[in-house]
Every structure is written in structure tokens, then in C-alpha cells.
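Asker: Once you've had a glance at the structure underneath, I'll fire off some questions.
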Amino acid sequence: MSLLRPFRSTRPVRDVHARTVGAPADAVGALIDRVAGDPDPVFPVPAWPSMRFDRPLGVGADGGHGFVRYRVAAHEPGRRIRFDFTPGPAGFHEITVHPLDPGSCRVEHVLEDQPRFRKRLLWYAAIRPAHRTVVEELLDNIERAATGRLARTPARWTPRVRLLNRLLWDRPKAVALPAEARLARSAFPRTDFQDAWQMALLPGMPTDPAAWEGVLRGASFPVVGRADGEILLGKDARHLDFRASVLLANGQVTLGTVVRTHHRAGRLYFALVRRVHPFMARLMLRRTHRRLALAAPSAGDRERARAAA
């Protein structure tokens, strides 16, 4: 029974993270005021979903990150932002900047909620470890952006956090082969099959198609063409010809496929392959998308690079 006591408690869940930053409070506060902006210098994107609102940051702005929804309840520019969880009147998280001396400040993030049994159980089992990692990475980014370095070891992911991140990663959506995929569209005079899967390009992810050549990992498909924003891989065989297009355009990465069969045996062969093709295409695009996102520079490092440019 004692193991269930935390989940049955009526006490609020409270989680506090604080960091002393060797930079003036005004400089750090200016970074905080740009959260959810374009670019956002502190939120840990692209490793985690972006913080987004339906309007510029200010009281009443509604949004959140991933499946966590909240509304800006208070904003003291350069000093404090409070977000109230929605729906429901209970629960908030807020970030504050407290000046210590002319060259340093204390940044504090507080989360408080009073979840019911099922949500409380979810908090302890899954949400809390991911939340703590996100907040520590946010503080890391504040320190990087404000001072150019970290005075401590960067936030580390536990095996549970890695698993949660993998499970919650976005999935490709089916789309029509974009008009911009000119190499794929002109690959064959006749096409017997085509499809396309698409994911959003997150801030910090590579926009050079060459970085995406490994999307077909494990398959020996050479590059057969390059054009603005598109790379074409493929191979010809006796029974069919195959082309895979990786297109980066309009803030999206699209993996498109076009196939031309040569005879009845080729059509029979592809009739079997096309049953597993959508699953494999989605899997390869999603894996590559996540791998490149996790390898991208942090928001704090990107902010320092912009400031130095």
C-alpha cells in the first residue's frame, strides 16, 4: 500500500529547477522573452517538440509543446512568464529571472499541478523524467546563449527518457508527390506506382539534401541525380526500376517513391513488395529525421552562432 501513497496523495506535484547564470539578468531576461519565437534561443528544439502559441508571446497566448497544452497567464518582460495548464484551472509552470549582482542572475523554473490518480501515475512513470530533461536542457541553452559555455555537465538522457523520446517522435504523413520533386516526376516516361511521406523540418535540422542521403540505410541505392533541394536515389533491375526522392522544400522533408515495372513478373513482384513498402518508407524517414534532429546543434549554440555572424 505504501507504494501507491504518492499516487493517491492530494498534495500538489511540485518540481523546481534553478541555475545561477554568469550573465546580467537583463540579458538573460531578453532570451526568456524570445521563447516560442522565431528563432527561439532557449527551448530544446529539435530534440523535443517546439513551443508554439496562437499569437506572439503575451498574456492570453494559447498553445504548448507536443501534447502539453497551456496558456500564458502572466508576463513580466525580462523577469517572469507563467503558463497555466489547459484545460482546467489547476496547474502551472513558470520561469523567472532573479538578479543576484550586475553580472549574474538566478533562473528558476517551477511546475506545480494537482493531477488525479491516473494523471499522477503518468507523471511519476513517464512525464516527470522527460519534463526534468527538457527543463535542464532549457537551462543549458540559456547558459550557452548568455555566456557561451556551460559551467556544468550538460543534461543527460536516461534510458527511459530515450525510450519516451523515441515513442513520442512524430510520424510521417502520406501526401501527394510534390510538384517540386521534379527529378522523381521526370524519372520515367511511364510510372506504375508512386507515393510520398512527409515530415516537418524542425529548427536546427539540416536543409542540405546531402545530409539526408542515408535515409535508405541498409539499401545499396546510389545517387542518380541532384537538383535544387532534391536528391534522387535508385536502381534499375530486370523486373523493375526504382527511384527514391528526398526533397527539402517549404519547411518539409518528403520521401517520395516512383516505380516502373517491365513485365508481368515485375508486376507480381511489386504487388508483394508494395504491401511492406509504406511501412518501410515511414520507418526509414522517421529514423533519419530523429537521428538528424538529435545530432543538430543546441538552441543555445545556434543563438551564439547567430550573434557571432
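The values are calculated or read from the model by the stated rules, or taken from the named source; none is laboratory data. Computed from a predicted model, the values in this text were never measured in an experiment. Cβ: placed from backbone, ideal geometry, glycine included. Neighbour counts: every protein chain shown.
Asker: Any chance you could count how many residues in region 201-254 are more than 29 Å from PRO41 (Cα to Cα), crowded, with 16+ Cβ neighbours inside 10 Å and hydroxyl-bearing (Ser, Thr, Tyr)?
Answerer: The number of residues fulfilling the criteria is 1.
Asker: For the condition assigned to a loop (DSSP other than H, G, I, E, B) and surrounded by fewer than 18 Cβ atoms within 10 Å (Cβ to Cβ), what is the one hit in ASP38, ASP26?
Answerer: Of ASP38, ASP26, the one residue that is assigned to a loop (DSSP other than H, G, I, E, B) and surrounded by fewer than 18 Cβ atoms within 10 Å (Cβ to Cβ) is ASP38.
Asker: When you go through (1) loosely packed, with under 15 Cβ neighbours inside 10 Å; (2) at pLDDT 95 or above; (3) among the aliphatic types (A, V, I, L, M) one by one for ALA151, which number turns out not to apply?
Answerer: Every condition holds for ALA151 apart from (2).
Asker: Report the residue count in region 78-95 for those that are in a loop (DSSP other than H, G, I, E, B) and either among the polar types (S, T, N, Q) or within 13 Å of ALA30 (Cβ to Cβ) (or both).
Answerer: Selection size over region 78-95: 3.
Asker: Looking for whichever is within 24 Å of ARG302 (Cβ to Cβ), in contact (Cβ under 8 Å) with a residue 40 or more places away in the chain and touching a helix residue (DSSP H, G or I) at 6+ places or on another chain (Cβ under 6 Å) here; the options are VAL42, VAL35. Which one fits?
Answerer: After ruling out the rest, the residue left standing is VAL42.
Asker: Right, another one. Identify the single condition in (1) surrounded by 22 or more Cβ atoms within 10 Å (Cβ to Cβ); (2) at pLDDT below 95 that THR133 does not satisfy, given that it satisfies every other one.
Answerer: (2)
Asker: Keeping to region 217-270, report how many residues are within 19 Å of LEU292 (Cβ to Cβ), assigned to a loop (DSSP other than H, G, I, E, B) and in contact with a Phe, Trp or Tyr (Cβ under 9 Å, 6 or more places away or on another chain).
Answerer: 1
Asker: I want to confirm something. Restricting to region 138-161 and keeping residues that are of a type outside the set (D, E, K, R) and in a loop (DSSP other than H, G, I, E, B), which single residue is farthest from GLU303 (Cα to Cα)?
Answerer: Step one: of region 138-161, the residues of a type outside the set (D, E, K, R) are 138-139, 141-142, 145-148, 150-151, 153-155, 157-159, 161.
This time we only want the ones that are in a loop (DSSP other than H, G, I, E, B), so: 148, 150-151, 153-155, 157-158.
Values: GLY148: 9, LEU150: 14, ALA151: 18, THR153: 19, PRO154: 17, ALA155: 18, TRP157: 23, THR158: 26 Å.
Ranking the candidates gives THR158 first.
Asker: Applying the selection to region 57-115, what residues are among the basic types (Lys, Arg) and either within 27 Å of ALA146 (Cα to Cα) or crowded, with 18+ Cβ neighbours inside 10 Å (or both)?
Answerer: Matches in region 57-115: ARG71, ARG79, ARG80, ARG82, ARG106.
Asker: While we're looking at this one, here's another question. Could you identify the single residue in HIS75, HIS98 that is over 24 Å from ALA293 (Cβ atoms), in contact with a Gly (Cβ under 7 Å, 6 or more places away or on another chain) and either assigned to a strand (DSSP E or B) or of a type in the set (Asp, Glu) (or both)?
Answerer: It is HIS75.
Asker: What residue, among those in region 175-207 that are free of Cβ contacts under 8 Å to residues at least 24 places away in the same chain and not polar (S, T, N, Q), is farthest from ARG274 (Cα to Cα)?
Answerer: Our first condition is that a residue be free of Cβ contacts under 8 Å to residues at least 24 places away in the same chain; within region 175-207, this holds for 176, 179, 186, 189.
Still in the list and also not polar (S, T, N, Q): 176, 179, 189.
Details: ALA176: 17, ALA179: 23, PRO189: 21 Å.
Within region 175-207, the match that is farthest from ARG274 (Cα to Cα) is ALA179.
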